[in-house]
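Visitor: Following this message is one structure expressed as structure tokens.
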């Protein structure tokens, strides 16, 4: 939904009825109701402010839990198997960055592991610690701290980039050897989907609204 | 009104920002960077998340430029040194980012060549130039409208992490291709430099405050 009227004057005590666009600072009066799956768009710079997803709390928890379970599976089974000249090499997800470590690329190995596994896990666990108590109508622990760290961590989760990187690498070695996909590979593919869905539904503004309501 | 403004800034020798009507800043309200809570801008800390409150990011342009210049310098070793070394039957062949792309064109894998070229050469260079251009556009009129500049920024912010593809490709190849005595792949120095380029350009894009573009008064 688009609002055309720029706000001219606002009453001092009614700040809660407004939001400011994060990209152009336009003040926008919050509409009374936002239909299901309707987004609020800034009238000036057309950036999306928030979307009213149906059952967003339930969906966030469900997507996050699913993603977390899939990632546990992705970390405990073989990821890819490389067969060439009678030699077989099977790697797990951790080894994808651990071999960089063995080559002496310590920082790079840690960065790859952080972007691919650690930061997404951190994000999902933090969101669940926040949302499950909210769902159970309890006070979430460290709500403000989690809210802050979650929005800092999210831009550094590069799960989908890693997945495309894996595909490109496979095209490179396809002609050299026989590649077998492990359970872990498919689990990671599913994880990418659910992680994207989870981080999309629980947008920054939405998370802070839940934190606000729970206090 | 514009004439008046320029007189004020000329006499006081001080940059005075006049915020556009209808922005939070023009009402004396700050939008918390951390939690998007609106608060009176005279407060130092956000009442909701206790984060530091600024009307605009502090020193946004300076910090963005510092990160971009560092990234540009690091992009030189990222291209000059090999990103990985393929050893085939004891014969080591180092390959840089560009030679890797050329190799794929020679092999006829145009799609992979296209992906690597886009992710490792086109996007990083375009990103650095666009951010420099945006920094310039916060103080001078440009041919692009504010809306187009904002769209450009949105695109750079979205596309930023996709440059990391090349690093992940190297990581996977290093782990996967190890046939004892026959073939192995080792990472090269450029991988470190290139990873830093991607990270620094991402930080630069985060540091850039798009609202500065909208704050600029239109001089026609």
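Visitor: Return the residues of region B:132-173 that are over 20 Å from residue B:68 (Cβ atoms) and touching a helix residue (DSSP H, G or I) at 6+ places or on another chain (Cβ under 7 Å); say none if nothing qualifies.
Guide: Across region B:132-173, the qualifying residues are B:146, B:165, B:168, B:169, B:170, B:171, B:172, B:173.
Visitor: Quick check, is residue A:207 in contact with a strand residue (DSSP E or B) (Cβ under 9 Å, 6 or more places away or on another chain) and in the same structural domain as residue A:71 (by TED's automatic domain parsing)?
Guide: The answer is no for residue A:207.
Visitor: What number goes with the only condition from (1) without any contact (Cβ under 8 Å) to a residue 40 or more places away in the chain; (2) loosely packed, with under 14 Cβ neighbours inside 10 Å that residue B:141 does not pass?
Guide: (1)
Visitor: Answer yes or no: is there a residue in region B:162-170 that is buried (at least 24 other Cβ atoms within 10 Å of the Cβ), at the interface with chain A (Cβ under 7 Å from one of its Cβ atoms), in contact with a strand residue (DSSP E or B) (Cβ under 8 Å, 6 or more places away or on another chain) and touching a residue at least 24 places away in the same chain (Cβ under 8 Å).
Guide: no
Visitor: Conditions first: (1) within 9 Å of chain B (Cβ to nearest Cβ); (2) in contact (Cβ under 8 Å) with a residue 12 or more places away in the chain; (3) in contact with a helix residue (DSSP H, G or I) (Cβ under 7 Å, 6 or more places away or on another chain). Residue A:84 passes all but one, so which condition is the exception?
Guide: (3)
Visitor: Could you tell me which of the residues A:77, A:82 is in the same structural domain as residue A:188 (by TED's automatic domain parsing) and touching a strand residue (DSSP E or B) at 6+ places or on another chain (Cβ under 8 Å)?
Guide: A:82
Visitor: Can I ask one more? Any chance you could count how many residues in region B:177-191 are buried (at least 21 other Cβ atoms within 10 Å of the Cβ) and part of a helix (DSSP H, G or I)?
Guide: 2
Visitor: Among residues belonging to region A:23-46 that are surrounded by fewer than 19 Cβ atoms within 10 Å (Cβ to Cβ) and closer than 14 Å to residue B:150 by Cβ, point out the one that is farthest from the other protein chains (Cβ to nearest Cβ).
Guide: Among those residues, the one meeting the criterion is A:41.
Visitor: A further question follows. Examine region B:2-21 for a residue that is at pLDDT 85 or above, over 20 Å from the mean Cα position of the chain (by Cα) and either outside any strand (DSSP E or B) or surrounded by 12 or more Cβ atoms within 10 Å (Cβ to Cβ) (or both), and state whether such a residue exists.
Guide: So far as region B:2-21 goes, no, none of its residues is at pLDDT 85 or above, over 20 Å from the mean Cα position of the chain (by Cα) and either outside any strand (DSSP E or B) or surrounded by 12 or more Cβ atoms within 10 Å (Cβ to Cβ) (or both).
Visitor: When region B:178-193 is examined, which residues are found to be in contact (Cβ under 8 Å) with a residue 12 or more places away in the chain and at the interface with chain A (Cβ under 7 Å from one of its Cβ atoms)?
Guide: Across region B:178-193, the qualifying residues are B:182, B:186, B:187, B:191.
Visitor: Continuing with this model, one more query. Select the helices (runs of 4 or more DSSP H) contained entirely in region A:122-215, then report the ones holding at least 3 residues which are away from chain B (no Cβ under 14 Å) and within 15 Å of the chain's Cα centre (by Cα).
Guide: Qualifying helices (runs of 4 or more DSSP H): A:183-201.
Visitor: Moving on to the next point. Check B:129, B:122 and return the single one that is more than 10 Å from chain A (Cβ to nearest Cβ), farther than 30 Å from residue B:19 by Cα, out of contact with any helix residue (DSSP H, G or I) (no Cβ under 9 Å at 6 or more places or on another chain) and in a helix (DSSP H, G or I).
Guide: It is B:122.
Visitor: Show me the strands (runs of 3 or more DSSP E) found entirely inside region A:1-65 where at least 2 residues are farther than 30 Å from residue A:191 by Cα and at pLDDT 85 or above.
Guide: A:18-20, A:27-29
Visitor: So, in region B:77-119, exactly how many residues are in a loop (DSSP other than H, G, I, E, B) and in contact with a helix residue (DSSP H, G or I) (Cβ under 9 Å, 6 or more places away or on another chain)?
Guide: 5
The values are calculated or read from the model by the stated rules, or taken from the named source; none is laboratory data. None of the values given here were measured: they were computed from a predicted structure. Note: ideal-geometry Cβ built from the backbone for every residue, glycine included; neighbour counts use all protein chains shown.
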